[in-house]
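A short write-up of the structure that comes next.
The values are calculated or read from the model by the stated rules, or taken from the named source; none is laboratory data. Keep in mind it's a predicted model, so treat the numbers as computed, not measured. Every residue, glycine among them, receives a Cβ derived from its backbone with ideal geometry; neighbour counts consider all protein chains shown.
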Amino acid sequence: MKKRYLLPIVITSFTIGNFSLLFKSEEHMGDAAEREPNESRLNTRQLKSSRETLTYSQRKRRASGDFLSQLDFLKLENAPQGDAYAMVHHLLMKQIGKDPSVAYNWMLSNKDRFSQEDFSNFQKDILTSWGHIDPASAGALLGTLEAEVDRNNLARALAKGWADKNVNQALDWLENLDERSVSKDVIIDSYGIIMRKHAEIDPEATAEIVSAMSSESLQYDLLHSTTTEYAKKDYSSALNWVLSLESKKVRSDAVRELMNMKDDGNRLHLLNEVVSKEADLSAGVVVNAFASLGALSPVEAASRVVDIAPNRQPKMVTALVTSWAESDLTAAETWVSGLSEGANFEAGVASIVDIISYKNPIKALAWSEKIRAADKRADLMVSVIESSRDKDLNNIQNHLGSVDIPLSHSEAINKALAERMANAHADLVLPES
């Protein structure tokens, strides 16, 4: 496919925040169109007839006639406003798939029969669906709309319509779009819509374009579609591309996109690459990698902790132990017990304590006692007390009575226990007789 770099001035000169699609989806429109009104309001079955013997032109005229006849049959001036809106919206959406111009012209000629809010909703829904279905004819209306918000809504719909039809035609449309007719944000949104479709067709070319962008906001808008589509086609090349992205934040988010994909046999390779490149990635992404690696291959993950920068290792230990304990708590405890005293050991102990406190508080307290630093040891004991069940409080009290706790920390521990026991044994309040 031909690679194109269009609108370089427009694309790089704006500061864009969020690339969200503000138009309703065709699927939503379709759901609304398929809802049948109550028989008491409109019996559409009376208006159906066999069309097998009609020519295309006759069917088209008949379809238009059916639509107008049904609207006339509704006698909208006598219908409550809510019912009128629902019935007309239903018929307008059905007509869009047959001849959107008929629906649009009827709406314009009957503008005064509805509130401004209802009319605006009709116009947005009709133009959005029309732009999706037939962008060539709908595009002719762009210059006829007075309100910028209406032009913006239609432009987004046209971008999707053209992108679904033909990406090259969509790029031509965007290149020739009058920048004065829509807001700057809409041009960027439309570019994103088209390029996401481009990523489905030629993810490698899209990846090259994303790499060359000077705007991180634009890169973020295309990151999900480009990364996932590229990985589906060539996972190894996609991973190399992701790790080559210049921005550390963008690079880290792209790796996260890969990790969020369904595991198809590449996950272990990805996680090991993340660990190897950890200095070039955010700490959060590396933590997520260790959590995933801990579920897939905890022993291998344990062996890779030393490959991480020392200041990051405690977080990796926490992620690994938490993940490992879900499948084999005993193995995780054994590994933590074998760690040398220090930050990694303390992180591992804290993770074990957090995991077992609720169901086995006495064992959790025993783990807390392994921490040499008195303040950290006391903090863990308080956390055990606060997270334990009411029925275990007496056992906790008895256990703490046998533990040598420095006076400087015993006050906080005793206070936490007293508060828990007070709440657990509160007086019962009976209703008045």
Can you run down the residue pairs with Cβ atoms below 8 Å, 6 or more apart or on separate chains, where the first is in the stretch 200-215 and touching a residue at least 40 places away in the same chain (Cβ under 8 Å) and closer than 15 Å to Asn240 by Cα and the partner is assigned to a loop (DSSP other than H, G, I, E, B) and hydrophobic (A, V, I, L, M, F, W, C)?
-> Ala205/Met1
Pairs only if they're at least six apart or on different chains, beta carbon under 8 angstrom, first in the stretch 99-121 and part of a loop (DSSP other than H, G, I, E, B), second among the charged types (D, E, K, R) and surrounded by 14 or more Cβ atoms within 10 Å (Cβ to Cβ); list them, first residue then second.
-> Asp99/Lys60
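Would it be correct to say that Asp178 is part of a helix (DSSP H, G or I), at pLDDT below 95 and either β-branched (Val, Ile, Thr) or closer than 26 Å to Ala136 by Cα (or both)? Give the steps one after another, and end with the answer.
Numbers: part of a helix (DSSP H, G or I): no; at pLDDT below 95: yes; either β-branched (Val, Ile, Thr) or closer than 26 Å to Ala136 by Cα (or both): yes.
Taking the combined requirement at face value, the residue does not satisfy it.
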On the given criteria, is Leu108 surrounded by fewer than 17 Cβ atoms within 10 Å (Cβ to Cβ), hydrophobic (A, V, I, L, M, F, W, C), within 22 Å of Gly139 (Cβ to Cβ) and at pLDDT 60 or above?
-> yes
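So how many residues does the stretch 153-175 have that are without any contact (Cβ under 8 Å) to a residue 40 or more places away in the chain and assigned to a helix (DSSP H, G or I)? Steps first, please.
We begin by selecting, within the stretch 153-175, every residue without any contact (Cβ under 8 Å) to a residue 40 or more places away in the chain; these are 154-155, 158-159, 161-166, 169-170, 172-173.
The next check asks that each one be assigned to a helix (DSSP H, G or I); those that pass are 154-155, 158-159, 161-165, 169-170, 172-173.
Qualifying residue count, the stretch 153-175: 13.
Out of all the residues in the stretch 382-403, is one or more in contact with a Gly (Cβ under 8 Å, 6 or more places away or on another chain) and of a type outside the set (Phe, Trp, Tyr)?
If we filter the stretch 382-403 for residues that are in contact with a Gly (Cβ under 8 Å, 6 or more places away or on another chain), which is where we start, we get none.
No; the residues of the stretch 382-403 include none that is in contact with a Gly (Cβ under 8 Å, 6 or more places away or on another chain) and of a type outside the set (Phe, Trp, Tyr).
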Check on Val305, touching a Gly at 6+ places or on another chain (Cβ under 8 Å) and either of a type outside the set (S, T, N, Q) or more than 29 Å from Ser410 (Cα to Cα) (or both) | no
Note: among Asn311, Asn288, just one is in contact with a helix residue (DSSP H, G or I) (Cβ under 7 Å, 6 or more places away or on another chain) and closer than 30 Å to Val242 by Cβ, namely Asn288
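Going by the conditions given, is Gly161 modelled with pLDDT under 95 and either out of contact with any strand residue (DSSP E or B) (no Cβ under 6 Å at 6 or more places or on another chain) or within 24 Å of His224 (Cβ to Cβ) (or both)?
Details: modelled with pLDDT under 95: no; either out of contact with any strand residue (DSSP E or B) (no Cβ under 6 Å at 6 or more places or on another chain) or within 24 Å of His224 (Cβ to Cβ) (or both): yes.
Judged against the criteria, Gly161 is not a match.
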